Every structure is written in C-alpha cells, then in structure tokens.
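Structure record follows, encoded as structure tokens.
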Amino acid sequence: MKGRGTIHYGWIVIAMGTLTTIGAHGFGRMAFTPILPHMIDELNLTYTQSGILGSGNFLGYLTFAFIGGFLAAKYGTRIIISCSLVVMGLTMILTGLSESFEFALMMRILTGLGNGGAFVPAMALGSAWFSIERRGLATGIVTSGIGLGTLVSGLIVPWILQVYGGEGWRFSWYWLGGAVLVIAGICGLFIKSRPEEIGLSPVGSQSPTEEPPYRGGSSSLSWRLIYRVKEVWHLGIVYFMYGFSYIIYMHFFSVYLEKEIGLAPAQAGMLWAWAGGLSIFCGIVWGGISDLIGRRYGAALAYVTLALSYFVFAFYKSMVGFTLSAVVFGITAWSIPTIMAAAAGDYVGPRLAPAGLGFITLFFGVGQFIGPYVGGLFADMTGSFSLSFAVAAGVSMVGTVGSITLRRPRAEA
C-alpha cells in the first residue's frame, strides 16, 4: 500500500493529532482561563486556591504525560490517546458539578491525567509519520489545535456564561466535556500509531523507518537510551522554563483582567480569543523556523518573544498594552512545545520519540505545577499580578540562555 494518487495517510494522522490537541489542550486546559474567574466567585476561592487548581491539573498532567509517552511507544498512540480523551471528557463534565474547592481540585487532577495521556502522544505523531526534514512542520500542524481550541473556547465560553448566568461556568464544562468525548471516538477510529502498520514509509522518506541517531548501531529497542542522552536532560531543563512561565500568564490572564483591571468578561474573553486565533498557525510557523535555523536558535528566539509579552502585560496597563501582549503571545504561544516535540525525535529517533517527549514533559509538567501556585501566592501577597508576570518574563529569558547552549543532534552534525 503506497498511497500513490491519494493523500498520504500521514496527513490524516496529523489531522487527528490536531483534533486531539483541540480537545485535550484547547478545551480541557485553555478553556479553564475564561471559566476560572466565575469559579472563584461561585466557590469562594482565594487566588492561592485558584492557583492550586491549576497546579492540581498539572500534577495529573505531569504524572501521565511521563507514563503515557512510554505506554504510547510500547502499545501504540491510538489506544492511549482515545482512552485518555475519554477520561478527560468525563472529568470535565464532573468539574461542572463541583460544590467545593476539594472536589474541583480532584476533578482537575483527573482531567490533567487525561490531558497528559492524550497530548504527549499526539505531539509525537510527527516524529513517527514524517522524516526529520519535515518533522517541525508536522508537529506545528498538530500544535495548531491548541490555538483553534483556545479560539473556540474564548468565543463560546463568554456566550455560555451570558446565557446561563451564574450556572454558566458549569454548563461550559458540560458542553466542552461532551465535545471531548466526541473527539475521543473520532480519534479512536482514524489514528494509526506508525506508518508500518499499513505498509507505508514516513512522509518525505523512502524507507520504512529512520535509525535513531543515538542507537549506537544496535537494532534492539532500549528504554535506557532515553536517560543516557544528556541532551535530552538539557531539553527537559529548557522545557521547564516554558512550563513555569507561560502557565502563570495563561492561568491568570482573565483573572487579572477582570478582577484587578476591571474588564468585562466579554472583553477579557475577546482578548483571549485573539490570542487563541493568532496562535493557530504559530506552531506551523515556529516548527518551520526550527527546521530552517535549528531547534536551539528557534527556541531562543521564541523565548525572547514570550518574555516581551509577559513584561508588557505586567507593566503596560491599558487596552493597547493588553492587546499587544495578547497578540505577541498568540503568535508565539505554542512555539516551544512544537520545537521540543520535534527535538525529542531528533535526539532519540522516531520509535522512541513518544518516550523521549514524555521524559522531557516531566520537566515541563513540574514547571506547570509550580507556576500557578507561585503566581497566585505572589498576587495574594502583593495585591497585584504584576510581580507574577514579571517573574514569568525573567524565567523565560533564562530559557533563552538554555536554548542557545543546546548541542545539535548528531544526525545534523
């Protein structure tokens, strides 16, 4: 089965990966931003507690992102992605039934488990189905689903909040959770884990598989190979900086604008929708940039751009500043996950790419776990989110330095 005269099935798989990120990250996580201010009001949460909800979500994400990457490499991405999305959909619906901080926290942890289990294998699909020269572009297409999901949630959540009033945040979780369950069924039908399953070679390659650059000539599959590649540890540290910094900005975006600045939910939602809409193609753009100039320089440039967005948000307190920040964030938002996913495949090869990505996502998840708590704590201590966003900008600049010092993969040397 060569697929002559028809579209290569790899593009269908990438489309399913995009659909996965729409549900897993766009609906399951990004929708939390416009919903959170209303959960704070209804459940009488402090900013620290609201930060803990975000940390709980990423505790679950951290746990299964690491395990899920290895399970996907062993058992295939189709079953791991579809089952994880089912868990997400059900627990999102249950989040809408929350009557206490404790129950909401438990549901956010479980939603995070499903998020990690779906998102990491989906991001690794490009490494399995595309050659190294096209890996960044393919991964960028999958990442575009985050922006699409953010755009949709930024538009639909304010509408649901208006229609259902005080219960709007609950119905937002009901509708979005139901959508994720539908996506789970579609992905379960169409995702194929690897091109060899249906007699194809990766897109852009004439051979069924590419040898991992660090396999050392052995044909055996060694899990310990992941831990022995010191560049993978370096990638993980760089990825931590993104997880810690971007999550502070994203988690408290609407809370800051509505609670501290005094914008209406519709205004904050529209700004978030702008960020989501602009981010739709940012993964494709930044993946292509990293294919062209290398992962390290692409990541460094992305970190500088993100730091600018956080800094403007903290200190340029006007609609012009908020809009500029949202625009800059939108065009760069998912650059680092795209580059890291492609880089994981570069360093360990396509077969181990889900495991490699799962490993560095462990660092990313730790950053996401710590970030919301630190951001909320600083806001409660100072009465403003300015310090929280300034810290995010500083950590992002540290990520710039870490990116520049990455070594090139041996396959490119």
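Some notes on this structure:
- LEU352 vs. criteria under 17 Å from ALA118 (Cα atoms), modelled with pLDDT under 90 and surrounded by fewer than 24 Cβ atoms within 10 Å (Cβ to Cβ): no
- Failed criterion for CYS83 (all others in (1) surrounded by fewer than 24 Cβ atoms within 10 Å (Cβ to Cβ); (2) touching a Pro at 6+ places or on another chain (Cβ under 7 Å) hold): (2)
- Qualifying positions in region 183-202 - assigned to a helix (DSSP H, G or I), among the hydrophobic types (A, V, I, L, M, F, W, C) and in contact (Cβ under 8 Å) with a residue 12 or more places away in the chain: ILE183, ALA184, ILE186, CYS187, PHE190, ILE198
- Any hit, region 275-295, residues being part of a helix (DSSP H, G or I), aromatic (Phe, Trp, Tyr) and more than 19 Å from the chain's Cα centre (by Cα): no
- Checking region 106-129 against the condition returns a match, with at least one residue being outside any helix (DSSP H, G or I) and either touching a Phe, Trp or Tyr at 6+ places or on another chain (Cβ under 7 Å) or surrounded by 21 or more Cβ atoms within 10 Å (Cβ to Cβ) (or both).
- Residues that are modelled with pLDDT of 90 or more and small (Gly, Ala, Ser) were ranked within region 1-27; the one that is nearest to ARG108 (Cα to Cα) is ALA24.
- Checking region 118-126 against the condition returns a match, with at least one residue being in contact (Cβ under 8 Å) with a residue 40 or more places away in the chain, out of contact with any Lys or Arg (no Cβ under 6 Å at 6 or more places or on another chain) and under 28 Å from HIS38 (Cβ atoms).
- The set of residues from region 281-327 being surrounded by 22 or more Cβ atoms within 10 Å (Cβ to Cβ) and either in contact with a Leu (Cβ under 7 Å, 6 or more places away or on another chain) or of a type in the set (Lys, Arg) (or both) comprises GLY287, ARG295, VAL312, PHE322, ALA326.
- Note on region 98-120: residues that are closer than 11 Å to LEU53 by Cβ and of a type in the set (Ser, Thr, Tyr) amount to 2.
- Whichever residue in region 161-178 is of a type in the set (A, V, I, L, M, F, W, C) and crowded, with 22+ Cβ neighbours inside 10 Å and, among such residues, is nearest to the chain's Cα centre (by Cα): LEU176
- For region 364-386, a residue qualifies if it is touching a residue at least 24 places away in the same chain (Cβ under 8 Å) and over 26 Å from THR338 (Cβ atoms), and the qualifying residues are TYR373, GLY376, LEU377, ALA379, ASP380, SER384, PHE385, SER386.
- Test: residue in region 49-63 that is of a type in the set (A, V, I, L, M), within 17 Å of the chain's Cα centre (by Cα) and modelled with pLDDT of 95 or more: no
Residue-by-condition table, conditions (1) farther than 25 Å from SER254 by Cβ; (2) touching a Gly at 6+ places or on another chain (Cβ under 6 Å); (3) not aliphatic (A, V, I, L, M):
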position	(1), (2), (3)
ALA15	yes, no, no
THR21	no, yes, yes
THR33	no, no, yes
GLU42	no, no, yes
TYR61	no, yes, yes
VAL86	yes, no, no
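- Residue in region 70-91 that is in a helix (DSSP H, G or I), touching a helix residue (DSSP H, G or I) at 6+ places or on another chain (Cβ under 6 Å), more than 23 Å from THR143 (Cβ to Cβ) and in contact (Cβ under 8 Å) with a residue 12 or more places away in the chain present: yes
- So ARG215, is it at pLDDT below 90 and more than 26 Å from ARG134 (Cα to Cα): no
- The set of residues in region 239-268 being part of a loop (DSSP other than H, G, I, E, B) and surrounded by fewer than 24 Cβ atoms within 10 Å (Cβ to Cβ) consists of GLY262, LEU263, ALA264.
- If you go through region 191-204 and keep only what is surrounded by 15 or more Cβ atoms within 10 Å (Cβ to Cβ) and out of contact with any Phe, Trp or Tyr (no Cβ under 8 Å at 6 or more places or on another chain), you end up with ILE191, SER193, SER201.
- Number of positions in region 290-315 that are without any contact (Cβ under 8 Å) to a residue 24 or more places away in the chain and closer than 23 Å to VAL142 by Cα: 3
The values are calculated or read from the model by the stated rules, or taken from the named source; none is laboratory data. Nothing here was measured: the structure is a model prediction, and the numbers come from that model. Note that each Cβ is placed from the backbone with ideal geometry, even for glycine, and that neighbours are counted across all protein chains shown.
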